[in-house]
1. Among A:86, B:339, which comes first, second and so on when ranked by fewest other beta-carbon atoms within 10 Å?
2. How high is the relative contact order of chain A, given as a whole-number percent (alpha carbon pairs under 8 Å, six or more residues apart)?
3. With a bin width of 20 angstrom, please list the P(r) values of the protein assembly as shown as percents of all Cα-Cα pairs, from the 0 bin to the one holding the largest distance.
4. Grab the DSSP H runs of chain A that are 4 residues or longer, score each as -39,500 (n - 2.57), total them, divide by all residues and round the 222 nm result to the nearest 500 deg cm²/dmol.
5. Treat the count of other C-beta atoms within 10 Å as a stand-in for reagent exposure and order B:139, B:88, A:133 from fewest to most.
6. Let me check against my output: what whole-number percent is the relative contact order of region B:259-487, with C-alpha pairs under 8 Å and at least 6 apart?
7. Mind giving me the FRET efficiency for residue A:239 and residue B:76? R0 is 56 Å, r the Cβ-Cβ distance, nearest 0.05 is fine.
8. Run through the DSSP bridge list for chain B and note the antiparallel percent, rounded to the nearest 5.
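Please treat every number below as a calculation from the coordinates, not as lab data. All of these numbers come straight from a predicted model, not from anything done at the bench. Ideal geometry is used to build each Cβ from the backbone, glycine not excepted, and the neighbour counts take in all protein chains shown.
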């Protein structure tokens, strides 16, 4: 068997404890970078549930994230609900979006579904721009409420969201439901011949992925204090999320965290390079995908399987 | 008739204008094995898919214990008690054999987050029943072919279906594996399950089935005991067609001619496995040479070495030039065209487009001329010109693959197992086409076959390959006496 479960648990707990203690040493600036990276990790994990397990290539993870983020921002602005209610509404909106996305996924094959997800992002982006009066359009909108003004508190909240998401998503993927989902993604005919309702399991995966994406999207804008297309909707962000998940390792869930933190952190470390930094990060991602197609965590797991 | 476990009546399925299944009906009692046989393209696999709900019938009824299930979604049919053993499986790579069997035992519920503890014991019991107990912890990628089939069997019976559908139960298995699979299938009968075996060969399932139903072009042509069906006049015509006769070669290559292809002392290693061991063969200009050998003997490896697709030790020369260091593409351009076992057609392109791609390097005039000649050689391809290659029957795909290779105007055509999985009636058509190539063209052919009856009539010389080595070489006339017994 791969890394014994219990060793994985020990390592994970240790990492979370160390991560929780980081604010004692690190500067507010670095904590800020990590805070964003943690939300990014949730995006990547949610995406891996669809790609790695349900076998659905969603090129537009930011459709679900953006829906959540803008729902929360609009409600906060227009109705002035407290943050937890805004986040709950974001989860609901993303859930509806996820189910809408699942409908074509269950009818279309391969690249066609991928195109639908791309179009979904563009549509959302257009709607935001068209209704600029409410949404701030291309400039974005500020939210009156923020989570906290303290970098440490913001960091801990993000870490908590990440940890809870990781436990739930990883648990889902390793449970019997995850196994059925994987079978349904790999060979739907065979899975249904074993008595599994493939549509039901895929809808469940879309729902779960959407809720986590929406919640993390909403939390991110309450941390940043503003919602803008560049940060939560743009296709460039969608591509980054996909790279993060693939970099970390397909079908590993937790790999998304590693990939997300790596991408965001590397982007910041290389900031002095200016425009070149994006290039360098992309080149590194490309090399990892070329030479370790299983991703960083997937590669490690495979090594331990072979031993 | 007392209550049948599975009763099929008037089943019909159309794909566009093509009637794949027309008015098929049969019933299977508990504890009975029915063989559904027919050549490729006869619609037998479609019948199986219709029963399982993978395809929806256009008309007809399927009753399980008297309840109508036609048109239900597959997962409901599976839960109602029908299990299917697929011929090709796509197992999950990260899961072990035991986890695969456990998967089949899980309830279809979104709320059961932890498996029932009894599942583990049940999965182990099923594994020992089908003979997988020694490989429980292994991943599918490391399993032998027969064990992958056992895994399919294990998954299909995990839910204790009352009807089991088995697609091509013995394809690719060795005689001893066939015996143990037969025993397992007899076990289903003993348990009172109704079993449907789908196969293209009557003989292979004759010993096992209680009754057989033969199909051809979507329709029922005979039904009864295996002996009755095998004796049936129409079945014999469909399966055996005319007899295959040796074609007289107008002129064969002579010993004096320098060899077109010379393979000298070639060895190939796959990791630790010796796939070819010091193999030497020669093919002279305009000669038809057959390399016969069982699956795994090394035929495909030999052809891949010639085509520059695998690294080897030794020398291979083509038209006096050594091929070492030449890329696969350059070798193909030099005139060696391989028509691989897997056919490698462009499934989403039409027949005409596949052929055009094959002749992409020819001038327009030459391409038109070559195409006309090929459509004369394989008239069925003209009828199918606008159809996607993936929708052709197995035999038609093989003809297209050969035609596409010929579009490249090869000097040496390598045919790897052209008869794989084809019904006898198709073999006859292929055989005639090869005979025409043999008698009317200048082409040189290197044919790899496991089917000796097919290979003999089309060879000026035969090599027998066994366990990576050439063990016999000679003219076809001497084959039966000198190598026939050894080969079988």
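1. Ascending Cβ contact count within 10 Å gives the list B:339, A:86.
2. 33
3. 14, 37, 34, 14, 1
4. After summing the helix terms and dividing by the residues of chain A, the value is -25500 deg cm²/dmol.
5. Details: B:139 18, B:88 12, A:133 7.
Ranked by crowding around the Cβ, least crowded first: A:133, B:88, B:139.
6. 29
7. Here the calculated transfer efficiency is 0.90.
8. In chain B, approximately 55 percent of DSSP beta bridges are antiparallel ones.
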